[in-house]
1. Please report, in debye to the nearest 20, how large the charge dipole of the range 167-230 is about its Cα centre when each Lys and Arg carries +1 at its beta carbon and each Asp and Glu carries -1 there.
2. As a quick test, which of the pairs Lys163/Lys226; Lys199/Lys222; Lys106/Lys163 have an alpha carbon distance above 23 angstrom in this structure?
3. Could you give the length gained by full extension between Ser70 and Lys101, i.e. 0.36 nm per residue of separation minus their alpha carbon distance, to one decimal place?
4. How large is the Kirkwood hydrodynamic radius of the range 167-230, counting all unique pairs of alpha carbons, in Å?
5. Need the full-extension length gain, Ala145 to Arg255, defined as separation in residues times 0.36 nm minus the C-alpha distance. One decimal, nm.
6. In percent, what relative contact order does the range 167-230 have, based on Cα pairs under 8 Å that are 6 or more apart in sequence?
7. Can you pull the one-decimal nm distance between simple spin-label points at Lys187 and Thr131, each 7 Å off the Cα toward Cβ?
8. Extending each Cα 7 Å along its Cβ direction at Ser196 and Ser121, get the distance between those two points in nm, one decimal.
Amino acid sequence: MRTIKILAFFAILVFAGCWSIDSKAGNSRTEMPSERPVATPTPRITPTMTTTPTIANGKKSGGFMAQLPSDFEQPSDDAGRLLLREYGSLFVAGNGAIAPKKVVFKDESDVMAFQASVPQSTETIGGYSVTLQTPAMTALKAAIAEARSAGLSIGPRGADSAKRGYKQTVTLWASRVNPGFVFWVGKGRVTQAEASRIKAMSPFEQVPEILRLEQSGIYFAKDLSKSIIYSVAPPGTSQHLSMLALDVQQNENPRVREILARNGWFQTVSSDLPHFTYLGVPETDLPGLGLKPVTNSGRRFWVPDL
Ligand SMILES: [Zn+2]
């Protein structure tokens with residue numbers, strides 16, 4: 001009997017204590033347990049993406065390679081060839097657009113040297129400062145004017161929707177690579193030593209290492225179920241570094257996409273729905289540049305016909 005009384009007493013104390021804590025929490029706590037900060041203002045992952053790009057493998061290169069400038073540095077490894085296939089439409093841009101002569105910028109000074117070498121313009125559009133190569137900006141302004149006369153608007157998604165610096169691409173890359181290694185080391189698929197070895201490398205050197213791991217199904221996209229290149233552009237490969245790309249706020253509107261296309265702006269990265277690339281030519285000229293249309297999420301993307 002005494003034992004029961006003691007147990008009951010403790011039960012009341014515990015209950016009272018819990019209630020007291022809950023009550024206090026409900027009435028006086030002003031801060032919630034902190035959630036993981038959302039640090040990426042313009043996430044590259046597109047939740048609505050339902051398919052992976054369908055680009056034929058092993059097909060002989062068609063006209064695309066012949067369209068590249070003669071001084072273009074052809075990629076010599078699998079990673080470089082993959083990146084050319086996924087992001088390469090930019091390299092055949094015309095009508096004054098100047099594309100880099102390589103698939104991957106090596107480092108920040110490489111990017112800065114390129115960016116300093118091409119004519120560029122900065123305008124405030126939709127409240128954001130937008131910097132693009134001058135012919136791309138001229139065409140964008142024409143598209144904006146055309147949209148306005150049709151009662152539509154065209155603008156950037158955010159502050160980093162146009163020109164980017166190398167460091168931004170490194171930060172985005174690390175935001176996928178670092179959590180990826182935590183996951184895969186935890187799963188026992190990658191050793192801590194291997195993860196540390198790769199993380200100690202320069203971002204430029206990490207790219208082929210990460211793509212090599214992905215050949216074994218060790219993926220680094222945000223959801224860890226597909227390649228990192230469908231999530232972020234590897235450092236030095238983003239079309240934004242070339243100032244010929246814009247992430248468009250109104251990208252879901254087919255009329256906006258039509259107006260952009262009429263002005264030389266096309267979708268060329270099939271995993272990236274807000275992303276447009278300035279190619280500078282009419283759509284009917286794109287096949288002649290070695291590009292082919294692929295459909296994803298009901299949209300047409302022009303990708304290298306490789
Ligand atoms: Zn983009």
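What follows is calculated from the coordinates using simple rules that are stated; it is not laboratory data. Keep in mind the model is a prediction, meaning the values are calculated, not measured. Because the Cβ atoms are built from the backbone with ideal geometry, glycine has one as well, and the counts that use them run over all protein chains shown.
1. 120 debye
2. Among Lys163/Lys226; Lys199/Lys222; Lys106/Lys163, the Cα-Cα distance tops 23 Å for Lys163/Lys226.
3. 10.2 nm
4. Roughly 11.5 Å, rounded to one decimal.
5. 38.2 nm
6. 30 percent
7. 3.9 nm
8. Taking the simple label geometry, Ser196 and Ser121 are separated by 5.3 nm.
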